[in-house]
Amino acid sequence: MAKPDTGTILEGQLMKIGIIGAGNIGGNLTRRLTALGHDVSVANSRGPETLAALAEETGATPVTSTEAARGAEVVVVTIPLWRIPGLPSGLFDGAAEGFAVIDTGNYYPKERDGRIAAIEEEGLTESRWTEQHLGHPVVKAFNGTFAQDILAKPRPAGDPERIALPVASDDVTAKATVRALIDELGFDTVDAGGIDDSWRQQPGSPVYGLRADVAGVTKALADASPERRSDFRA
């Protein structure tokens with residue numbers, strides 16, 4: 001019997017995944033996703049020739065940023081926020097129908113990104129700002145996750161030490177796909193609402209960097225304040 005077309009990944013279904021950014025988060029997602037059998041293409045700002053070691057280690061395909069999304073069912077954008085506007089046009093050309101975009105980004109105005117008026121003055125959430133520049137809905141996930149936890153903290157479903165991650169998006173189907181992928185990676189998830197609610201998981205919030213179960217993450221999201229902390233303002 002054919003499996004139903006739910007619009008989300010099904011258990012055991014392997015996907016083509018593009019990762020734009022090969023830093024700590026991008027590199028470790030490349031390691032885990034290839035180990036799970038997914039077809040991963042990875043890009044960075046310095047060119048595919050600089051990704052030879054990661055490709056040899058993981059079997060991922062090093063590509064340019066404009067090639068990363070071709071045929072991809074999930075695209076992970078994991079680069080510094082200030083680099084988002086400089087991504088090439090047509091970034092998602094050739095992606096699979098109904099593809100999901102994961103945004104792992106955070107706004108660090110003092111340490112790295114400089115002042116972004118739309119975030120500071122207009123009150124846009126970081127992922128709404130990113131979404132507007134990308135021209136495609138995003139799923140905010142992994143932004144408060146320690147990169148090493150992606151390798152060291154996966155646990156089977158039901159394990160009392162399993163960590164939960166908040167996931168926010170306006171795209172219900174894309175959110176379901178990403179939550180299923182995170183479950184496959186060995187983590188629980190908590191629905192953190194839409195992108196306008198994603199301030200609850202931005203830097204400085206109670207859930208940011210929290211290692212907790214579903215109940216702990218749910219409480220941390222509820223305890224968040226929309227007021228941005230001074231140490232995360234320009």
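Normalising by the residue count of the chain, find the relative contact order in percent from Cα pairs under 8 Å and 6+ residues apart. Walk me through the intermediate numbers first.
Numbers: 470 pairs, mean separation 40.9, N = 234.
Once divided by the residue count of the chain, the mean separation gives 17 percent.
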* Taking the Cα-to-Cβ direction at E111 and at A53 and moving 7 Å from each Cα, how far apart do the two end points lie in nm? -> 2.2 nm
* State the three equivalent ellipsoid semi-axes of the chain, derived from the C-alpha gyration tensor as the square roots of 5 times its eigenvalues, in descending order and whole Å. => 25, 22, 17
* Asked: PRE reach from W82 (point 7 Å along Cα→Cβ): which of the stretch 95-122 fall under 12 Å by backbone N?
  -> 108-116
* To do: Have a look at P88, P203, P109 and tell me which one the Gaussian network model of the chain (Cα, springs below 10 Å) gives the largest fluctuation.
  => P88
* To do: Mind telling me which of K16, K110, K175 comes out most flexible in a GNM of the chain, alpha-carbon contacts under 10 Å?
  => K110
* Structure fact -> Hits in the stretch 19-36: amide N under 19 Å from the 7 Å Cα→Cβ extension of D93, namely 19-20
* Asked: Contour minus end-to-end for E121 and F146, with contour as 0.36 nm per residue of separation and end-to-end as the Cα-Cα distance?
  -> 6.1 nm
* Asked: What part of the accessible area of the chain, given as a whole %, is carbon or sulfur when the probe is 1.4 angstrom?
  -> 50 percent
* Please list, or write none, the lysines whose alpha carbon is within less than 28 Å of the alpha carbon of K219, excluding same-chain residues fewer than 8 places away. => K140, K153, K175
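Given a 1.4 angstrom probe, what's the average accessible area per residue across the chain, in square angstrom? Please report the intermediate quantities before stating the final value.
Values: 10710 Å² over 234 residues.
Each residue of the chain exposes 46 Å² on average to a 1.4 Å probe.
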* Asked: What Rg and what Dmax come out for the stretch 153-227 when only alpha-carbon atoms are used, in angstroms?
  -> 12.0, 36
* Fully extended contour minus Cα-Cα distance, from S45 to S225, at 0.36 nm per residue -> 61.3 nm
* Label point 7 Å beyond Cα of Q132 along Cβ direction - residues of the stretch 54-96 with amide nitrogen under 14 Å -> 85
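The values are calculated or read from the model by the stated rules, or taken from the named source; none is laboratory data. Not measured: the values here are computed from a predicted model. FYI the Cβ positions are ideal-geometry reconstructions off the backbone, even for glycines, and counts take in every protein chain you see. To get the accessible areas, we keep the full protein, side chains included, count just its heavy atoms, and leave off ligands, DNA and RNA. Shrake-Rupley method; radii C 1.70, N 1.55, O 1.52, S 1.80 Å.
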